[in-house]
Amino acid sequence: MAGFLARRLLNYLVLVAVASSLAYMLAAGALDPRSNYADRTPKPPPAVVDAQLTALNLNDKTPLIQRYATWAAGVLHGDFGRTVTGTSVNEDLARRAGVTFRLVLLGLICGSLVGVLVGAYAAVKQYGLFDRLSTGMSFLVLAIPVVVLATMLILVGTWLNENVFGAKVFLVSGEYSDGLDTGFWGGVLDRLQHLILPTVSLSLGLIATFSRYQRNMMLDVLGADFIRTAVAKGLSRRRALTRHALRTALIPVVTYFAFTFGTLLTGATFTEKIFGWHGLGEQLINSIFTNDVNTVAAIAFLAAIAVLAASLAADMLHAALDPRVRTA
Amino acid sequence: MTAGEPVLEVRDLHVTFGDVRAVRGVSYAVRPGEVLGIVGESGSGKSVTSAAVMGLLPPSATVTGSVRLRGQELIGAPEKRLTALRGKTISMVFQDPLSALTPVYRVGDQIAEAVRIHQKVTKEQAMVRAVELLDLVGIPNPGQRALGFPHEFSGGMRQRAVIAMAIANDPDVIICDEPTTALDVTIQAQVLEVLKTAQRETGAAIVMITHDLGVVAGFADRVLVMYAGRPVEVGAVDDIYYRMRMPYTVGLLGSIPRVDRGGRQPLVPIEGAPPSPAALPPGCPFEPRCPMAVEECSVAEPALLEVGPGHEAACIRWADVGVRPPGRHAAQAAAAVRGGRGAQEVVLRVDGLVKQYPLMKGSLFKRRVGTVHAVAGISFDIRQGETLGLVGESGCGKTTTLMEILELVKPQDGRIVVLGQDTARLAAGDRMAIRRDMQVVFQDPLASLDPRMTVHDILAEPLRTHRRGDTGSRVRELLRLVGLDESHAARYPQDFSGGQRQRIGIARALALEPKLVVLDEPVSALDVSIQAGVINLLDALKSRLGLSYLFVAHDLAVVRYIADRVAVMYLGRIAEIGQVDTVYDGPMHPYTQALLSAIPLPDPERERTRRRILLDGDLPSPADPPSGCRFRTRCPKFRTLAANERSRCVESEPEVRALAQDHGVACHYAEKLEVVQNHEESHP
Ligand code: SF4
Ligand code: SF4
């Protein structure tokens, strides 16, 4: 078992290295930090620009492979270099990564859990009201772009604030309120209030896909002979379903979990933008506009690491759920 | 034997799905310790009946009638009461052991769960009981195996575990639904033995549902024959097999191929196919197929009538039903030319054929961790007009052999010569010509026929590819040849029954007038009554068209009917090869002996008195075959040998050597042993 995971980890690390190197090459080749200096007034002398770019390891006169070597050596020491303005990439991204991963992780956990439950229940009550309703809702959610969905959530949220609660329960902009002075718990509450709507907007899509997937898996398992065996030995239908069917039907869904993670990161970019969160997604777009090669490469690297972590988690869950994998 | 009150009493049970009446009035009773066999073909309603008794039918089924278990009515009982009875008073063993256990839990835990549902015991006590039960059903090393997961168990072992689960709470009734159908014969013999032990231990009544009249002959006390959702004959086992009073029973028994019947006698198939439960004929449901039908038969459905003590039959002409009347559909006996080998031309020669697969592991970086020796050097030949039966249990390499022959390329080792051409030296054109002269018929008739093509198109396709003129008349001729109506040409495969589809498959194979036909389990997906017709057809075609067959099958009884010579395979090697009657009447390899003795005969008296050689354990992995003789780990003969004799089996692999004219055996200590007496000799 440990050997299996170690081998997997090794595979993933190789993939991460390849993916982030490619991302760096692409960013360094396509972005042009020199142009940032072109429309400055007064125009700095070329020698100064060159010196500046070289200091930031962004000089396109240095061969790409050499810049890559410098960058890679830095990354191996945990240093992602400097942004175009000369500040540390590490510091900037550390804060933003926290913001984004908080959102994505919560969204993923809520989305997959609720999705699995909805799907399983829909399968058990196949063609019942709940099944039809959840099917209809899933397709609706999947058909609406994230941008529209998030905007709709904001509208619903503010409407509820005004007409139902009479207070600001859902906060729709930023990750926390500036200048709040309510102590530690007040701060936590405030952050939670900010977190609800973005999480919901991120989860909805996941719930829709996961519930579809889980429903199909569950339907496959419900007709399986081992469920009949479980009932024949005296388990009630409910216990047979929860103990034997759900557990088995979860296995393929877990594999799906890892795949979703990557798409979720992109989905989060929109959500961040709309809810005014200063996360990685926002920064990625900004840094492309400012030709900030090092930041782009660092975000790509973080995304690769995140997908790696998700895949590893999926592998571990898979192995925990399925004995056939463990012995293989 | 059958004293006391019935433990399970089913009366006038009906099951309908929508408008389809799947079960139409089944009644039976079983007493403690009694074994009732319920026999029927697919669609006869036998499995639905048992699911209804257990209350395991989906909600879409409507069940009426009465099922009393120890006097308690089950039909309409609240789910809670049923849950309390299931697994405790009445339990069930299902057909497919591969899927009957939850894949994610340990086998021991699953058995312990059955114990804990109904008994107030601790987890540990339940586990101890589970290990005891595994021991009882003959699982070696039960303490350790209990911790294993289902995928680590072979099919036979899983079925034992399922039986252990079924007897965990000392039930009064065990329902077995085709418990051995998915298993190989030698494993089937083991599992039946386990069921007998289980019954002895629990004193339970057993309801044994099967399509195989052989399985119940030696096991059941009474037999109920079902047809079209109803019992058509019920009686003591000897009444059903020797004094049957219903033409359907007669037909069934007449159509089963038996290993103990030598000589080429055609089987007596039952014409047509069982009626669909949605469209039953008005009178006796068997009337369209019955050779004894008279006009009154189609007036009303005959009721079950008492025809003898404890013997009932649903036939108005029961008094006239003799023992096996000559069926009006009997095929003309084809006088087969036997013997006189040698003179004929060789159409297929396989010489030292080897096929190995690498055993891979890992997902991204694959590593080779071993080699599966699927076929490890086998040789045989087939001459013009001859049929060679290639038999063996799953994993013996017979299918790999067939695939290697069909590929027409140079094998990894050895030689394949088809119609005089060595496959290692074939040009593309030659290959095309051989493909025309060597055709194949597969097991599953529906999967091998394109559902979007009419029968005409299916048959015309090979004619067009190989540019034969006038397809229309050839298609009509082919249909006539396989016993189908010319008007069938415009229909689609799904409009036909299984037997008819297989006839279409055969017609397609014959379209280009091949010399050699390779048959891969051609009848094993068919019901017995239909299977017989296809076997007869194949036999008749062979002598009419001068074909040669390579007939790959797991069913030795079928092979005895169709083959001239037989090769028995075990773990990638040929154990015994020779003329059919020689091998069946005097098998010399211990494996052939065990295999033949494991096949149940549809003959209760002989089943009771017969000597059965039970093999231990399962087939070893073909990735790691035993040294020397591959059969030695399970060989009953090996165990009787002295130590110095044994070393020969361990050290050197026996080659096939000729011990008589056309009889080769791969065993160092081969000797003749009669395990199936010839039917005609002892039963006049
Ligand atoms: S009732 Fe008539 S059709 Fe039915 S089995 Fe008897 S003889 Fe045949
Ligand atoms: S060679 Fe030995 S082990 Fe093999 S079948 Fe013969 S007696 Fe048995």
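Among the listed pairs A:Lys125/B:Lys88; B:Lys80/B:Lys196; B:Lys637/B:Lys672, which have their C-alpha atoms separated by more than 21 angstrom in this model?
Listed pairs above 21 Å: A:Lys125/B:Lys88; B:Lys80/B:Lys196.
Can you list the residues of the stretch A:295-328 that have at least 40 square angstrom less accessible area with all protein chains present than in their chain by itself, probe 1.4 Å?
Residues meeting the cut-off: A:Pro323, A:Arg324, A:Thr327.
Once you place label points 7 Å from the Cα toward the Cβ at A:Ser177 and A:His278, how far apart are they in nm?
In this crude spin-label approximation the distance works out to 1.9 nm.
With every protein chain in place, what's the accessible area of B:Glu296 (1.4 Å probe, Å², nearest 10)?
120 Å²
Return the Rg/Rh ratio of the protein assembly as shown with Cα-based radii and a Kirkwood Rh.
With Rh from the inverse mean 1/r over Cα pairs, Rg/Rh is 1.06.
Once every Cα of the stretch A:71-135 carries one equal point scatterer and solvent is ignored, give the base-10 log of I(q)/I(0) from the Debye formula at q = 0.21 Å⁻¹, two decimals.
Values returned for q = 0.21 Å⁻¹ are -0.88.
If I model a spin label as a point 7 Å beyond the Cα along the Cα-Cβ vector, how far apart are those points for B:Asp457 and A:Glu162 in nm?
6.4 nm
For the stretch B:578-684, what is the Kirkwood estimate of the hydrodynamic radius, computed as the reciprocal of the mean inverse distance between distinct Cα atoms, to one decimal in Å?
Details: mean 1/r = 0.0661 Å⁻¹.
Hydrodynamic radius (Kirkwood, Cα pairs) of the stretch B:578-684 is 15.1 Å.
Using a 1.4 Å probe, what is the accessible area per residue for the stretch B:534-684, in Å²?
Dividing the accessible area of the stretch B:534-684 by its residue count gives 38 Å².
Okay, which of the stretch B:218-248 sit inside 15 Å, backbone N to the point 7 Å along the Cα-Cβ direction of B:Arg612?
The answer is B:218-221, whose backbone nitrogens lie closer than 15 Å to the label point.
For the stretch B:501-639, with only Lys/Arg (+1) and Asp/Glu (-1) charged at the beta-carbon, what is the dipole magnitude about the Cα centre, in debye rounded to 20?
Roughly 220 debye for the stretch B:501-639.
Restricting things to Cα coordinates, could you compute the convex hull volume per residue of the stretch B:465-587 in Å³?
In the stretch B:465-587, the Cα convex hull volume per residue is 132 Å³.
Please give the length that would be gained between B:Glu486 and B:Thr122 if that part of the chain were fully extended, namely 0.36 nm times their separation in residues minus their C-alpha to C-alpha distance (nm, one decimal).
Length difference between fully extended and current span is 124.1 nm.
Just how much of B:Asp381 is accessible, in Å², when a 1.4 Å probe is used and the result is rounded to the nearest 10?
20 Å²
As I understand it, the dipole of the stretch A:2-326 uses +1 on the Cβ of Lys and Arg and -1 on the Cβ of Asp and Glu, about the Cα centre. Which of A:Ser203, A:Ile65, A:Tyr256 lies farthest toward its positive end?
A:Tyr256
Give me the extension gain from A:Val188 to A:Arg237: residue separation times 0.36 nm, minus the current Cα-Cα distance, reported in nm with one decimal.
Length gained, A:Val188 through A:Arg237: 13.4 nm.
Per residue, how many Å² of accessible area does the stretch B:96-170 show with a 1.4 Å probe?
Working: 2890 Å² over 75 residues.
Per-residue accessible area for the stretch B:96-170 comes out at 39 Å².
Take the Cα of A:Leu22, step 7 Å along the line toward its Cβ, and report every residue of the stretch A:258-273 whose backbone nitrogen sits under 16 Å from that point.
A:262-263, by backbone N distance to the label point.
Between helix A:89-124 and chain A, what is the angle of the helix's C-alpha long axis to the longest principal axis, kept within 0 to 90° and rounded to the nearest 10?
20 degrees
Go through the stretch A:1-63 and name the trypsin sites (Lys or Arg not before Pro) that are in a DSSP coil and have 10 or fewer other Cβ atoms within 10 Å of their Cβ.
A:Arg40, A:Lys61
Return one number: the angle in degrees, 0 to 90 and rounded to the nearest 10, between the long axis of the Cα atoms of helix A:247-275 and the longest principal axis of the Cα atoms of chain A.
40 degrees
I need the P(r) histogram for the stretch B:146-256: all alpha carbon pairs, bin width 10 Å from 0 out to the longest distance, whole percents.
13, 41, 31, 13, 3, 0
Relative to the isolated chain, which residues of the stretch B:62-107 have their accessible area cut by 30 Å² or more in the presence of all protein chains (1.4 Å probe, heavy atoms, no ligands or nucleic acids)?
Buried by the other chains: B:Thr83, B:Arg86, B:Phe94, B:Ser99, B:Ala100, B:Thr102, B:Pro103, B:Val104, B:Tyr105.
What length, rounded to one decimal in nm, is gained on full extension from B:Ser473 through to B:Leu406, with 0.36 nm per residue of separation minus their alpha-carbon distance?
Stretched fully, the B:Ser473-B:Leu406 segment lengthens by 21.2 nm.
Per the Cauchy relation, a quarter of the hull surface: what is the mean projected area of the convex hull of the alpha carbons in the stretch A:2-326, in nm²?
So the mean shadow area of the Cα hull is 22.6 nm².
May I ask for the accessible area buried between chains A and B, both sides summed, probe 1.4 Å, to the nearest 100 Å²?
Interface between A and B: roughly 2500 Å².
Taking +1 at the Cβ of each Lys and Arg and -1 at the Cβ of each Asp and Glu, which of B:Gly414, B:Gly578, B:Val20 sits farthest along the dipole of chain B towards its positive end, judged by Cα position relative to the Cα centre?
The one lying farthest along the dipole's positive direction is B:Gly414.
Using θ = phi - 60° and the Karplus curve 6.51 cos²θ - 1.76 cosθ + 1.60, what whole-Hz ³J(HN,Hα) does each residue of the stretch A:162-172 get, with Gly and Pro shown as x?
Result, rounded to whole Hz: 6, 9, 9, 8, x, 8, 7, 7, 8, 9, 10.
With charges only on Cβ, +1 for K and R and -1 for D and E, what is the dipole size of chain A about its Cα centre, in debye, rounded to 20?
It works out to roughly 1500 debye.
Rounded to a whole number, what is D in µm²/s for the stretch A:147-243 from Stokes-Einstein with the Kirkwood radius over alpha-carbon pairs (10 °C, 1.306 mPa s)? The partial results should precede the final answer.
On the way: Rh = 17.1 Å.
Reported coefficient: 93 µm²/s.
Above 17 angstrom, tally the Cα pairs of the stretch B:96-170 and express them as a % of all pairs, no decimals.
Tail of P(r) above 17 Å: 32 percent of Cα pairs.
In the stretch A:307-328, whose amide N lies under 19 Å from the spot 7 Å out along Cα-to-Cβ of B:Leu147? List them in ranges.
It comes to A:320-328, nothing else.
Once R0 is set to 22 Å, what does the formula 1/(1 + (r/R0)^6) return for the Cβ-Cβ distance between B:Leu305 and B:His14, expressed as a FRET efficiency to the nearest 0.05?
0.60
Per the 1.4 Å probe, what fraction of the accessible area of the stretch A:1-46, in percent, lies on carbon and sulfur atoms?
On the way: 2080 of 2890 Å².
The value for the stretch A:1-46 is 72 percent carbon and sulfur by accessible area.
Using a 1.4 Å probe over the heavy atoms of the protein chains, calculate the carbon and sulfur portion of the accessible area of the stretch A:54-151 as a whole percent.
Its accessible area is 71 percent carbon and sulfur atoms.
List the trypsin sites (Lys or Arg not before Pro) in the stretch B:71-149 that DSSP assigns to loop (not H, G, I, E or B) and whose Cβ has at most 16 other Cβ atoms within 10 Å. Which are they?
Passing sites in the stretch B:71-149 are B:Lys120.
May I ask for the distance between the Cα centers of the stretch B:502-538 and the stretch A:233-309, given as a whole number of Å?
Computed from Cα coordinates, the inter-centre distance equals 55 Å.
How many percent of the accessible area of chain B is carbon or sulfur, using a 1.4 Å probe? The partial results should precede the final answer.
Working: 13730 of 27240 Å².
Within chain B, the accessible surface is 50 percent carbon and sulfur.
From the C-alpha coordinates alone, can you work out the Kirkwood hydrodynamic radius of the stretch B:375-447, in Å?
Every distinct Cα pair counted, the radius reaches 13.7 Å.
Which value, in Å² rounded to 10, gives the accessible area of A:Lys273 with a 1.4 Å probe and all protein chains present?
110 Å²
Is there a quick way to get the dipole size of the protein assembly as shown? I mean about its Cα centre, with the Cβ of Lys and Arg at +1 and of Asp and Glu at -1; what is the value in debye to the nearest 20?
On the way: 106 positive and 101 negative charges, 262 e Å.
The dipole of the protein assembly as shown has a size of about 1260 debye.
Output the antiparallel fraction of DSSP beta bridges having both residues in the protein assembly as shown, as a percent to the nearest 5.
Bridges in the protein assembly as shown are about 65 percent antiparallel.
From the residues B:Val191, B:Ala228, B:Met208, which one has its Cα farthest along the dipole of the stretch B:188-289 in the positive direction, the dipole being from +1 and -1 charges on Cβ of Lys/Arg and Asp/Glu about the Cα centre?
Farthest towards the positive pole: B:Ala228.
The stretch B:202-248: D in µm²/s via Stokes-Einstein (Kirkwood Rh, Cα pairs, 4 °C, 1.567 mPa s)?
114 µm²/s
Pairwise over distinct Cα atoms, reciprocal of the mean inverse distance: report the Kirkwood radius of the stretch B:7-140 in Å, one decimal place.
Computed over the stretch B:7-140, the radius equals 16.8 Å.
Could you work out which residue, out of A:Asn161, A:Asn90, A:Asn294, moves most in a Gaussian network model of chain A, that is, has the largest mean-square fluctuation with Cα springs under 10 Å?
A:Asn161
Which loop-located trypsin sites (Lys or Arg not before Pro) does the stretch B:1-74 contain, where loop means any DSSP state but H, G, I, E or B and the Cβ has at most 15 other Cβ atoms within 10 Å?
B:Arg70
Hey, with R₀ at 35 Å, roughly what FRET efficiency would A:Ile285 and A:Ala6 work out to, going by the Cβ-Cβ distance, to 0.05? Spell out each step's value before the answer.
Working: r = 37 Å, r/R0 = 1.06.
Using R0 = 35 Å, I get an efficiency of 0.40.
What value does chain B have for Rg/Rh, both radii from Cα atoms and Rh as Kirkwood defines it? List each step's numbers first, then the result.
Working: Rg = 26.2 Å, Rh = 27.0 Å.
Over the Cα atoms of chain B, Rg/Rh equals 0.97.
The values are calculated or read from the model by the stated rules, or taken from the named source; none is laboratory data. Every value quoted in this text rests on a predicted model; they were computed, and no experiment measured them. A quick note on method: Cβ atoms are made from the backbone with ideal geometry, for glycine too, and the neighbour counts reach across all protein chains shown. Heavy atoms of the whole protein, side chains included, go into the accessibility calculation; ligands, DNA and RNA do not. Shrake-Rupley method; radii C 1.70, N 1.55, O 1.52, S 1.80 Å.
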